[in-house]
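One structure is given below, encoded as structure tokens.
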Amino acid sequence: MKSIAIYSPEPAKGWLPWGAFAPFLCVLLVAVPAVLVGLVLEHFQLEDAKGDPLGLSGLFALLIFHFVALGLVVFAWVLLVERRPLATIGLAGPRKARKFLLGLWIGMATVSSVVVAIWAAGGLEAEGIGPALSSPGALLSIGLLLICFAVQSSVEEIVFRGWLLSAVAGKFNVPIAVGLNAIVFAFLHYSPHQPVLVIVSSLLFAVFACCWALKTRNIWGVMGWHAGWNWLLATGFELPVTGLDAKQPALLVKLIAHGPDYLTGGAQGPEGSFLCSVFFVGGIAFLLWRTRRNREASEPA
């Protein structure tokens, strides 16, 4: 097996976890701040006993406090235990803000294409154009949710495509790192009685994000893509994102699910639709093709 530094070759000066232990450590790093912050939010009636947010304030608190705490834990681990630069977990390269914003626009465009595909297949019905535009309060909430989803999505990418992917690739190789990354990501997004299509979508989501990060050799773009995807899905169409309902009027078009769950995604939202899985398969194939083409173009004749 050929291990590789996928982002930056700068060496670690501390202890790097064994490759087989890294996925379990990832689950621990995610679980500890989630449990502790969850207890605080439940005490202040911002979260119920199942960990679901209560109202818009609860959603704000979930997206900010849960993920800021997780980000701080992972940064502390990388900087104090592993003692390696943040560039080695993908936070490297020039024009960071530009890459993030480009990814943000791509995320909004791609999730819109999935929603349009479901609508064209008869799985969604329109019930109004831009109802949020007539409500200043809703527009303010939607704007704040953009910040919240940017925090949530960025931290998830730092944890999974940044730290975990680089940690496993550095001990084993890239294919094993991508596979374990997808399994851990799907496991941490699993809920009891979850449909198989939702599990498949979570696995493909993670593989797609890994392919993006590996192609660009940083995570700025995929951080923006993840944020744009989640935010517009939650606020643009009044549809659930990963089973969460923002409970805000639609910024673009209010859509109602109409049809079987395999088409609409059911309670999970469009991410549970087979058309979303089709998009991810196509996106993975495209990124692999572009990566191979770039590699062949850079090789000497």
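The values are calculated or read from the model by the stated rules, or taken from the named source; none is laboratory data. Nothing here was measured: the structure is a model prediction, and the numbers come from that model. No Cβ is skipped: glycine too gets one built from the backbone with ideal geometry, and neighbour counts run over all protein chains shown. Side chains included, ligands, DNA and RNA excluded: accessible areas come from the protein's heavy atoms. Shrake-Rupley method; radii C 1.70, N 1.55, O 1.52, S 1.80 Å.
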Handout entry: Among the candidates 287, 239, residue that is hydrophobic (A, V, I, L, M, F, W, C), in a helix (DSSP H, G or I), over 16 Å from the mean Cα position of the chain (by Cα) and on the phi < 0 side of the Ramachandran plot
Key = 287
Handout entry: Qualifying position, being more than 13 Å from the chain's Cα centre (by Cα) and among the polar types (S, T, N, Q), among 202, 273
Key = 273
Problem - Which numbered condition residue 155 fails, given (1) closer than 25 Å to residue 278 by Cβ; (2) under 11 Å from the mean Cα position of the chain (by Cα) - result: (1)
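Please find, among 19, 55, the residue that is closer than 14 Å to residue 164 by Cβ, in contact (Cβ under 8 Å) with a residue 12 or more places away in the chain and out of contact with any strand residue (DSSP E or B) (no Cβ under 7 Å at 6 or more places or on another chain). Explain how you work it out, then say what you get.
Values: 55 fails: closer than 14 Å to residue 164 by Cβ.
Answer to the selection: 19.
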Practice task
From 116, 178, grab the single residue that is free of Cβ contacts under 8 Å to residues at least 60 places away in the same chain, out of contact with any helix residue (DSSP H, G or I) (no Cβ under 8 Å at 6 or more places or on another chain) and in a helix (DSSP H, G or I).
Solution key: 116
Practice task
For residue 228, indicate whether it is modelled with pLDDT of 95 or more, crowded, with 18+ Cβ neighbours inside 10 Å, in a helix (DSSP H, G or I) and of a type outside the set (A, V, I, L, M, F, W, C).
Solution key: yes
Handout entry: Residues satisfying the stated conditions in region 206-217, i.e. open to solvent by 10 Å² or more (accessible area, probe 1.4 Å) and either in contact with a helix residue (DSSP H, G or I) (Cβ under 8 Å, 6 or more places away or on another chain) or among the acidic types (Asp, Glu) (or both)
Key = 207, 208, 211, 212, 214, 215, 216
Exercise for the section: Residue by residue through region 58-98, note down the ones that are open to solvent by less than 20 Å² (accessible area, probe 1.4 Å) and touching a strand residue (DSSP E or B) at 6+ places or on another chain (Cβ under 9 Å). Expected result: 58, 59, 61, 63
Problem - Hey, residue 69 within 21 Å of residue 148 (Cβ to Cβ) and part of a helix (DSSP H, G or I) or not - result: yes
Completion exercise
Filter region 264-274 for residues that are open to solvent by 20 Å² or more (accessible area, probe 1.4 Å) and more than 20 Å from residue 56 (Cα to Cα); the one that is modelled with the highest pLDDT is 274
